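Asks: Have a look at this one before I ask anything.
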Amino acid sequence: MDYIFLVIGSVIIITCFYFIIAPFFYGGGKLILSKEDEHTSSLEMIYATVNEIEMDFLMKKISKEDFEIMKKKYNLMAANLLKEEGDSIPNQEKKGKGSQKEIDIEIIKELEALRKQKGRK
């Protein structure tokens, strides 16, 4: 009777050991993102970082000067990503867009819309 418990216990231990060690040996299962998904995830990561910075500022973990510097930095990164997206539009579609100032205003509006959308989730 003791041998049955030893065999069952050994099988359970080996199974647990397998599930713990197996992920380190498998390189597959990498998530492949398209450019659009990569762009969206980058923007989401930037906005998540800005939200974290705002929370840290509200909890008085960082100074106002540091908060403003970091927020400007991340907003600039988001604006550059959106601007790159605008630059990738073919010239035929760009002709109706207007001047650089109008494009910058459109980017700011899109940033605010994304920030509001992120706040709703």
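The values are calculated or read from the model by the stated rules, or taken from the named source; none is laboratory data. Every value quoted in this text rests on a predicted model; they were computed, and no experiment measured them. Using ideal geometry, Cβ is built from the backbone for each residue, glycine included, and neighbour counts are taken over all protein chains shown.
Asks: Quick one: residue 59 ticks every box in (1) surrounded by 13 or more Cβ atoms within 10 Å (Cβ to Cβ); (2) modelled with pLDDT of 90 or more except a single one, so which number is it?
Replies: Going through (1) surrounded by 13 or more Cβ atoms within 10 Å (Cβ to Cβ); (2) modelled with pLDDT of 90 or more one by one, residue 59 breaks only (1).
Asks: Related question: With the structure loaded, tell me whether residue 74 is of a type in the set (Phe, Trp, Tyr), surrounded by 13 or more Cβ atoms within 10 Å (Cβ to Cβ) and at pLDDT 85 or above or whether it fails that test.
Replies: For residue 74, the condition - of a type in the set (Phe, Trp, Tyr), surrounded by 13 or more Cβ atoms within 10 Å (Cβ to Cβ) and at pLDDT 85 or above - is met.
Asks: From the list 32, 108, 53, 103, which one is assigned to a helix (DSSP H, G or I), at pLDDT below 85 and either surrounded by fewer than 12 Cβ atoms within 10 Å (Cβ to Cβ) or not aromatic (Phe, Trp, Tyr) (or both)?
Replies: Sole residue among the options that is assigned to a helix (DSSP H, G or I), at pLDDT below 85 and either surrounded by fewer than 12 Cβ atoms within 10 Å (Cβ to Cβ) or not aromatic (Phe, Trp, Tyr) (or both): 103.
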